[in-house]
Structures are given as structure tokens and as C-alpha cells.
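Below: the structure, in C-alpha cells.
Read-outs throughout are calculated quantities, based only on the coordinates presented, and are distinct from any laboratory measurement. Being a predicted model, the structure only gives us computed values, none of them experimental. Because the Cβ atoms are built from the backbone with ideal geometry, glycine has one as well, and the counts that use them run over all protein chains shown.
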Ligand SMILES: [Zn+2]
């Protein structure tokens with residue numbers, strides 16, 4: 001089949017919902033840090049996470065919060081914001097935006113108010129990206145413009161090593177029907193996730209593009225690649241509702257690692273796997289580099305797209321989920 005005859009785009013990627021909520025990271029507890037600002041304790045309580053989960057994202061969190069408060073003219077854009085001084089400017093913003101309660105706690109209502117007009121001026125677009133033809137996979141799909149930059153860098157590196165990136169699609173249309181098995185909070189709606197071709201792994205040891213290893217309940221993806229290292233992995237294969245693990249020796253590159261380097265995360269299977277192949281989710285790559293944990297919201301990521309405004313969003317079943325916060329209630 002020539003490139004021209006390949007299907008070009010599919011607006012409904014196979015993923016049915018996002019990964020399950022990851023567990024709390026054991027270890028770093030606030031108590032072990034000695035005196036902590038009470039505002040930080042309140043914030044973690046509101047988010048429902050312990051400090052071990054928050055800490056790796058703390059720098060980006062306060063950087064974005066400062067950017068948003070500066071956008072609204074509440075703080076000086078150059079003034080540093082951190083865990084000791086964020087509550088007062090947040091209270092000030094809340095006072096200026098009734099009926100928000102001026103409690104200094106950046107909860108879902110406050111974050112949405114901080115981000116709705118900021119999101120609209122981002123003017124992001126859905127843009128085309130190329131994928132590598134494989135079987136019935138796509139050779140072109142679309143993602144959000146900031147995600148496309150990272151995807152293209154990832155694909156360039158994978159191709160330079162002799163590997164490929166296949167595709168089953170990326171963006172889910174706003175008006176795609178929502179059903180029990182199809183989440184109304186899918187990260188695919190905002191164009192921040194893409195799916196490798198679901199039949200390019202777990203199928204056939206001799207011809208698959210990817211080999212999928214199970215590591216602590218998450219998937220680790222390997223791709224065949226001429227310049228990869230020869231290694232042996234325990235690859236999971238699927239057939240008729242069950243899996244088997246087989247050793248595969250080939251020249252491989254670690255896609256999960258390369259993806260992480262470029263801002264993308266792979267996820268693990270949902271509970272319905274291996275009963276249903278579509279629950280495997282090994283193909284799902286979500287671009288976490290463009291989202292700020294505990295600030296980005298499902299709705300504000302949609303509103304960041306030029307042609308999705310609040311009027312349009314409010315006519316969809318997704319609207320009710322607009323305030324869900326990334327890594328707190330939205331994954
Ligand atoms: Zn997906």
C-alpha cells in the first residue's frame with residue numbers, strides 16, 4: 001500500500017480512558033521536613049496528595065502559579081513565588097474575583113478563574129504530524145501544536161536510531177459520544193496524547209514493531225531499531241483474551257525512556273486487560289511536559305485551543321469536568 005492510500009486521520013483514537021490514579025509515593029512525608037508553612041499543608045490536603053508526590057513538581061507549580069497571577073496583574077512578573085508566599089497573592093486574586101472565597105487556597109474554582117482567559121490567549125492549534133506506516137496504521141494524525149514540537153523531536157531521534165513511530169490516531173473529537181467505557185476526561189480531547197498503532201505490538205514476535213515489557217504494573221516499550229543494542233527482553237503477547245510472556249532477542253531501543261526524555265509518558269493496562277485488548281493501553285503516549293501537575297485543568301487545556309471557546313465547550317458532556325486538576329483528579 002502506498003503512502004497515499006493509507007488512511008490519513010482518525011478522529012477517535014482507541015483509548016477508552018486514562019490510566020488509573022497512581023498510588024501515593026511512599027517516603028518523603030511533610031513531618032520529616034521539619035517546620036512547614038501551614039499554607040503548604042493546606043494545599044497538599046486540598047490536592048489529596050502527600051509531599052512525596054508534590055515535591056518533584058513543586059518548581060513548575062509555583063512558576064506557573066506566578067505566571068498566572070502576573071497575567072492577572074496580582075504579582076510582579078519578576079517576583080519569585082514559592083511555598084512560603086503564595087497564599088497572600090492568591091487571596092488578593094480571589095478578592096478581585098467574587099464570588100471566590102478569599103482563603104488563599106488555589107482550589108478548582110480559583111484555578112479555573114486564573115486560567116480561563118489565560119488559556120484563550122495561548123492560541124494553540126491542532127496540527128498534522130507524520131507517523132510511520134505499519135500494517136493498517138495511520139501515516140498522519142493531529143495533535144496540539146505545542147505537543148507536535150516535542151513529538152517531532154522524539155520521532156527524529158527514534159528514526160535516527162532506525163526505529164519507527166506508528167499511529168492509531170490522537171485527537172478525540174469534542175462531539176464523539178461519551179459512553180461507559182469512554183471517559184469524558186480523556187487527555188486525547190485536548191490533543192495532548194497519541195496512540196501508537198495498536199496492532200504494531202503484542203501480536204507477532206516475528207513482525208511486531210514494538211515489544212512490550214511489564215514492569216511493576218506499567219508498560220515498558222521497546223522498538224526494533226537497526227542501530228539499537230542487541231538485547232533480550234521478556235515481551236508480553238496477547239491472544240484471545242489472555243497473555244503469554246516470551247523472550248525476544250533483537251536490536252532494540254527503549255521507547256519509554258526516549259519518550260520520557262521528550263516529555264511523553266507511557267502508562268499501564270487498565271483492569272479490563274487482558275479480557276479486552278483495547279484495555280492494554282501500551283500504545284498510549286501522553287505529553288506531560290505541556291501540562292503542569294496540580295494546576296492544569298481538563299477544561300483549561302481545551303480552552304487553550306484557538307477554536308474551542310467556552311460556548312463551544314459548554315455544549316458538550318465534557319464541560320462538567322472542566323475544573324478537574326491534572327494529577328489530582330485528572331490523569
Ligand atoms: Zn491513548
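Laid out as a table, the results:
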{"quantity": "Ellipticity estimate at 222 nm from DSSP helix runs (n ≥ 4, -39,500 (n - 2.57)) divided over the chain, nearest 500", "calculated": "-7500 deg cm²/dmol"}
{"quantity": "Contact order relative to length of the chain, as percent, for alpha carbon pairs under 8 angstrom and 6 or more apart", "calculated": "20 percent"}
{"quantity": "Against the rule of thumb 2.2 N^0.38 Å, how large the Cα Rg of the stretch 40-84 comes out", "calculated": "1.23"}
{"quantity": "Hydrodynamic radius by Kirkwood, which averages 1/r over all alpha carbon pairs of the stretch 74-151, in angstrom", "calculated": "15.8 Å"}
{"quantity": "Directionally averaged projected area (convex hull, Cα atoms, the chain), nm²", "calculated": "18.4 nm²"}
{"quantity": "Mean projection area, nm², convex hull over Cα of the stretch 49-184", "calculated": "12.6 nm²"}
{"quantity": "Alpha-carbon Debye profile of the stretch 171-249, log10 I(q)/I(0) at 0.16, 0.18 Å⁻¹", "calculated": "-0.76, -0.87"}
{"quantity": "Chain lengthening between residue 127 and residue 67 when straightened (0.36 nm per residue, less Cα-Cα)", "calculated": "19.0 nm"}
{"quantity": "Net lengthening on full extension, residue 84/residue 257 (0.36 nm per residue, minus Cα-Cα)", "calculated": "58.8 nm"}
{"quantity": "Spin-label model distance (nm) - residue 95 vs residue 309, 7 Å beyond Cα toward Cβ", "calculated": "3.2 nm"}
{"quantity": "Percent of Cα-Cα distances greater than 21 Å, calculated over the stretch 212-331", "calculated": "54 percent"}
{"quantity": "Rounded to 10°, Cα long-axis angle of helix 87-96 versus longest principal axis of the chain", "calculated": "80 degrees"}
